[in-house]
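The values are calculated or read from the model by the stated rules, or taken from the named source; none is laboratory data. All of these numbers come straight from a predicted model, not from anything done at the bench. Here the Cβ positions follow ideal geometry from the backbone for every residue, glycine too, while neighbour counts run over all protein chains shown.
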Amino acid sequence: MTVLDAFDLAVCDDAELGRRAAAGDARARRELIERYVPLARRLALRYRWSGEAPDDLIRVASLALLKIVDRWHPEMGYAFSSYAVPTILGELRRYFRDATWIVRPPRGLIDLSLLVESERQKFGAVLGREPTVAELAERLDRPHAAVSAAVEAHASRVPRSLDSTADDAEPDPATIGRVIGIDDAEYQRAEARTTIERLTSILDPSARDVLRMRFQHDLRQWEIAAAIGCSQMQVSRIIRTSLERLSAHASMACGGWAMSDTTEGATA
């Protein structure tokens with residue numbers, strides 16, 4: 001395309017470009033698109049408070065502009081911008097409604113949450129602080145419960161980072177990652193203690209005390225001997241004999257459980 005061609009297109013009004021584009025003139029279509037890219041960008045950046053990446057918003061608005069150029073005709077009776085602005089805003093709202101929610105609430109709640117969030121930003125700038133739910137409800141003339149639900153819905157629109165704070169009101173708030181539940185080894189230890197107590201019921205109290213001092217309190221054999229008033233050799237014999245008895249008892253108990261399960265399965 002020559003410089004003269006470019007100048008010719010630049011001085012054309014929207015109607016002329018639209019007619020040329022509809023007739024298949026790719027250069028006229030491109031000129032009309034480029035003429036309104038700044039408008040699409042400004043409309044997209046109206047929603048920069050939403051938490052979505054600005055590049056994603058601009059992409060949505062730009063794709064909407066491409067569709068508008070292909071749909072608009074001067075014969076419709078209104079200016080290109082009059083058709084483009086509500087259409088681009090509609091595409092952006094549709095994007096927020098359909099593509100930015102991890103768990104999608106009802107459409108009415110989505111629309112209200114976007115309205116509440118927009119008003120929260122504006123009203124907060126006037127107040128110099130975060131407005132309360134009651135203040136937002138009064139300003140929007142909406143029920144308190146509906147506004148509260150909209151605030152909660154917007155807060156759950158995207159997952160929070162594990163590095164974000166769990167409670168900002170705390171003087172030294174922990175991150176979400178630190179307070180999420182994890183596998184607790186104490187559950188297994190508690191189950192093991194229950195099993196050991198059931199098995200050691202076959203031993204006499206002195207043998208149970210020796211095993212407890214050795215394996216629970218991690219005392220050495222000479223320390224146990226001094227505690228109960230016997231020789232270290234006797235302590236060693238008590239531990240060995242007790243462990244042999246426990247092993248034999250556990251084997252018999254497991255065999256009995258397995259036999260019981262087999263019998264119940266056959267009966268069923």
ask   = Here are some conditions: (1) in contact (Cβ under 8 Å) with a residue 40 or more places away in the chain; (2) within 28 Å of the chain's Cα centre (by Cα); (3) surrounded by 15 or more Cβ atoms within 10 Å (Cβ to Cβ). Leu39 meets all but one. Which one does it not meet?
value = (2)
message = Based on this model, can you work out whether Ala153 counts as among the aliphatic types (A, V, I, L, M) and in contact with a Leu (Cβ under 6 Å, 6 or more places away or on another chain)?
response = yes
query = Which condition breaks for Tyr78 when tested against (1) in the same structural domain as Glu31 (by TED's automatic domain parsing); (2) outside any loop (DSSP other than H, G, I, E, B)?
reply = (2)
note = For region 209-230, pairs from a residue that is farther than 19 Å from Thr241 by Cβ to a residue that is assigned to a helix (DSSP H, G or I) and of a type outside the set (Ser, Thr, Tyr), with Cβ under 8 Å and 6 or more apart or across chains, are Glu223/Met213
inquiry  = Quick test for you: out of Val85, Val60, Val133, pick the one residue that is touching a residue at least 40 places away in the same chain (Cβ under 8 Å) and in contact with a helix residue (DSSP H, G or I) (Cβ under 9 Å, 6 or more places away or on another chain).
reply    = Val85
request  = Would you check which residues across region 1-24 are closer than 16 Å to Val69 by Cβ, exposed (fewer than 15 other Cβ atoms within 10 Å of the Cβ) and modelled with pLDDT under 85 and list them?
outcome  = Asp13, Ala15
message = Arg29 - would you say it is loosely packed, with under 14 Cβ neighbours inside 10 Å and either at pLDDT 85 or above or in contact with a Pro (Cβ under 9 Å, 6 or more places away or on another chain) (or both)?
response = no
query = Going by the structure shown, is Val69 in a helix (DSSP H, G or I), among the β-branched types (Val, Ile, Thr) and surrounded by fewer than 18 Cβ atoms within 10 Å (Cβ to Cβ)?
reply = no
remark   = When region 175-189 is checked residue by residue, the ones that are at pLDDT 70 or above and surrounded by 11 or more Cβ atoms within 10 Å (Cβ to Cβ) are Thr175, Arg178
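For every residue, the table says whether it meets (1) surrounded by fewer than 17 Cβ atoms within 10 Å (Cβ to Cβ); (2) part of a loop (DSSP other than H, G, I, E, B).
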{"site": "Arg94", "(1), (2)": "yes, no"}
{"site": "Ile102", "(1), (2)": "yes, yes"}
{"site": "Pro105", "(1), (2)": "no, yes"}
{"site": "Leu115", "(1), (2)": "yes, no"}
{"site": "Val126", "(1), (2)": "yes, no"}
{"site": "Arg129", "(1), (2)": "yes, yes"}
{"site": "Val147", "(1), (2)": "no, no"}
